[in-house]
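Notes for the one structure printed next.
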Amino acid sequence: MLAVLDARTGDELSRTPLFTWADRGHIDDVVLVGSSIAISMGQNAGSAAARKARVHLFDRATGARGEILEATEQTGRLAVSPDGRLLAATMQGDLGIAVFDMRGVLGA
């Protein structure tokens, strides 16, 4: 569940489900990119393709789902360049790094 809260009051501003019960998902990392929330997450059930972790983008203000970024391997930890233009994700299969150019992507 992604809950967006007001930092001053603690009031919940929005709530977005991340997984269904059947997905049995996991979250590997979370970073803020511009006005988006990037979450590296995958699911633990289903085919190998379904289990592949991806970077999911959500609108920071509303929690609305945005684009899904896919690397060649399962993604893990995330990092953002100081200018917010690049998002890097570790890839667990070949121990590489995927770098996404975030220009033109939701909220970046």
Item to check | Members of segment 80-98 that are in a strand (DSSP E or B) and within 15 Å of L57 (Cβ to Cβ) | outcome: V80, L86, L87, A88, A89, A98
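Does segment 76-90 contain any residue that is farther than 20 Å from M1 by Cβ and at pLDDT below 80? Break it down stepwise before answering.
Filtering segment 76-90 for residues farther than 20 Å from M1 by Cβ gives 76-77, 79-90.
Remaining after also requiring at pLDDT below 80: none.
No, that holds for no residue.
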Item to check | Scan of segment 42-59 for residues that are under 14 Å from V30 (Cβ atoms) and at pLDDT below 85, ordered by number | outcome: G42, A53, R54
Checklist entry - Which residues, counting only those in segment 99-108, are surrounded by fewer than 17 Cβ atoms within 10 Å (Cβ to Cβ) and either assigned to a strand (DSSP E or B) or modelled with pLDDT of 90 or more (or both)? => result V99, D101
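The values are calculated or read from the model by the stated rules, or taken from the named source; none is laboratory data. These figures come from a predicted structure and were not determined experimentally. Glycine gets a Cβ as well: all are built from the backbone with ideal geometry, and neighbour counts include every protein chain shown.
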